[in-house]
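Worksheet: the structure to be examined is printed underneath.
The values are calculated or read from the model by the stated rules, or taken from the named source; none is laboratory data. Source: prediction; values computed, not measured. Virtual Cβ from ideal backbone geometry, glycine too; neighbours counted across all protein chains shown.
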Amino acid sequence: MSKKTEQFIKLLVERGMDAALVTKPENMRYLTGFTGEGAVYLSEGENIILTDFRYTEQAGRQAGKFKCLRVTQTDESIPNLVRELFGERQVLGIEMNCMTVADFRLLEHALPGRDFGDISGLSEGMRAIKDEREAELIATAGRIACEAFDRLLGCIGPGMTEREVQRTLDNLMLECGSEEPAFHTIACSGINGSLPHAIPGDYRLKKGELLTLDFGAQVEGYKSDMTRTVAIGPVSKELTRIYETVLKAQLRALDIIKPGAVCSDVDKEARSFIDTLYPGAFGHGLGHSVGLEIHEKPVFTPRCDTVLQPGHVMTVEPGIYIPGLGGCRIEDMVILTDSGYHNLISAPKELIIL
């Protein structure tokens, strides 16, 4: 049994539950190493992967210390097997935040008269603090993304479409060692820059406009996240002012990041600075944690009172978005250390003019 599994079961028992059925893919991978489909059944006496023929050999390779039981590809198969494993126990923990109503009904039918406890966030809470190996993988993903960005700068220019830029960047990350893009790469130029999560399209890059690139690499499932905004030729004083404001806001936030800092205070440091010059132009959170998922907890938002600890990996990504003009975002990714943080994104932040 791994240390992560031991800790999970300890937390489960403390919550008064007899066993748990973990179905969220990222949590299954975190606890066992298994990346296929199915579920993981955990209790003080049993640690079992439940999966069908397609993944049984894979489970043996990825999670050899876990027992694997083969199920059929029917909706009732896993609930029926859980009934056999659960026996006369009373409380089964399930991830209510990701289980469908249909799957829950099947469990209810298989376990009549039993209680179900919500373990939503239990694994995610453990995942918030990265161990040394996880930190290494995220750092590697960050280096890959930075290398791809550096190579991209020599490949793009006026006339390319946003979609062409996206494909080029994705391919460069793959060439540099990424398993796959960590998420759908954003490449938005000109007036599309006012859309924080713009979808790359046929808009062509033009001189005098900003291009925002939000992207990340992935290594053994662990992701990186970074954003850089570059200029396609010289840009106006107003766009330059927007860029400089975003950069100053980010640097102010980075200056106060350390163990013991409160997430909402970090958000406020950047948000209040931007609001003095561009009120209401920064509408999303300052950042979020990153790991097996691109958006994890804790988060830099006005309402998050989480206290930062060593092992937290956080993005710091202020932005300004002005409809009809464009926008800018600059994003780094840092890991908290005992005395401060280490920035995992090394790409330059001064305005690059292509």
| request: Tell me, yes or no, whether the range 92-105 has at least one residue that is touching a Cys at 6+ places or on another chain (Cβ under 9 Å) and under 17 Å from residue 22 (Cβ atoms). | output: no
| said: Residues that are under 27 Å from residue 127 (Cβ atoms), in the same structural domain as residue 330 (by TED's automatic domain parsing) and touching a Gly at 6+ places or on another chain (Cβ under 7 Å): does the range 201-215 have at least one? | reply: no
| request: Go through the range 37-64 and count every residue that is touching a Cys at 6+ places or on another chain (Cβ under 9 Å) and either among the polar types (S, T, N, Q) or outside the structural domain of residue 89 (by TED's automatic domain parsing) (or both). | output: 2
| Of all residues in the range 161-185 being touching a helix residue (DSSP H, G or I) at 6+ places or on another chain (Cβ under 8 Å) and among the hydrophobic types (A, V, I, L, M, F, W, C), which is nearest to residue 212 (Cα to Cα)? | 165
| message | With the structure loaded, tell me whether residue 152 is assigned by TED's automatic domain parsing to the domain that holds residue 338 and buried (at least 17 other Cβ atoms within 10 Å of the Cβ) or whether it fails that test. | response | yes
| Hits in the range 241-281 (condition: in a loop (DSSP other than H, G, I, E, B), touching a residue at least 40 places away in the same chain (Cβ under 8 Å) and not small (Gly, Ala, Ser)) | 257, 258, 259, 278
| task | Inspect the range 10-18 for any residue being part of a helix (DSSP H, G or I), within 19 Å of residue 91 (Cβ to Cβ) and in contact (Cβ under 8 Å) with a residue 40 or more places away in the chain and give the result as yes or no. | result | yes
| What strands (runs of 3 or more DSSP E), lying completely within the range 312-354, carry at least 1 residues that are β-branched (Val, Ile, Thr) and touching a helix residue (DSSP H, G or I) at 6+ places or on another chain (Cβ under 6 Å)? | 313-316, 319-322, 332-336
| Got a sec? Which of 95, 44 is buried (at least 19 other Cβ atoms within 10 Å of the Cβ) and either within 18 Å of residue 126 (Cβ to Cβ) or at pLDDT below 95 (or both)? | 95
| message | Against the condition over 23 Å from residue 124 (Cα atoms), touching a helix residue (DSSP H, G or I) at 6+ places or on another chain (Cβ under 9 Å) and modelled with pLDDT of 95 or more, how does residue 18 come out, does it pass? | response | no
| message | Can you tell me how many residues within the range 282-300 are surrounded by fewer than 19 Cβ atoms within 10 Å (Cβ to Cβ), assigned to a loop (DSSP other than H, G, I, E, B) and touching a residue at least 24 places away in the same chain (Cβ under 8 Å)? | response | 3
| message | Test of understanding: among 337, 315, which residue is buried (at least 18 other Cβ atoms within 10 Å of the Cβ), among the hydroxyl-bearing types (Ser, Thr, Tyr) and either at pLDDT 95 or above or touching a strand residue (DSSP E or B) at 6+ places or on another chain (Cβ under 9 Å) (or both)? | response | 315
| Which is among the small types (Gly, Ala, Ser), more than 18 Å from residue 332 (Cβ to Cβ) and in contact with a helix residue (DSSP H, G or I) (Cβ under 8 Å, 6 or more places away or on another chain), of 194, 123? | 123
| note | If we ask which residues in the range 199-220 are buried (at least 20 other Cβ atoms within 10 Å of the Cβ) and not acidic (Asp, Glu), their number turns out to be 11
